[in-house]
Amino acid sequence: MTAPLVFLFTSGWISAVAIAILWTITLVVAGRSPEPRVAIANLAPNAISGSALLAAFGLAMRQTQVVWLALLLAVSLVAFLIDLRIRLADQASGLRRRTD
């Protein structure tokens, strides 16, 4: 019963499954928004960051070269910083509107 689950983890395929679920949810949420293009632009950095982390996890489970893990972690960090900048800019604009 647990053999397929062990295979998913040791082969790294669990990351591919998780990435597919992550992007499916991201696209569904963006699609339900009144402005889907804006929503996907705002959600994409977060999804990219998560995808890079999940891919790094999958490659680590397969004991791949450290260079690939470092590259994916760097991509995740950059995407996270972009996401953070978008969120902070949205909060700052909201604060300005309330104080006017």
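For the reader, a short list of remarks on this structure follows.
- Scope the range 4-52; condition open to solvent by less than 80 Å² (accessible area, probe 1.4 Å), in a loop (DSSP other than H, G, I, E, B) and over 23 Å from S76 (Cβ atoms); matching residues: S33
- Matching residues, the range 67-94, being of a type in the set (D, E) and surrounded by 15 or more Cβ atoms within 10 Å (Cβ to Cβ): D83
- Given (1) open to solvent by 50 Å² or more (accessible area, probe 1.4 Å); (2) assigned to a helix (DSSP H, G or I); (3) free of Cβ contacts under 8 Å to residues at least 40 places away in the same chain, number of the condition M1 does not satisfy: (2)
The values are calculated or read from the model by the stated rules, or taken from the named source; none is laboratory data. Given the structure is predicted, the values throughout are model-derived calculations rather than measurements. In this analysis, Cβ positions are derived from the backbone assuming ideal geometry, glycine residues included, and neighbour counts consider all displayed protein chains. In case anyone asks, the SASA skips ligands and DNA or RNA and just uses the protein heavy atoms, side chains included. Shrake-Rupley method; radii C 1.70, N 1.55, O 1.52, S 1.80 Å.
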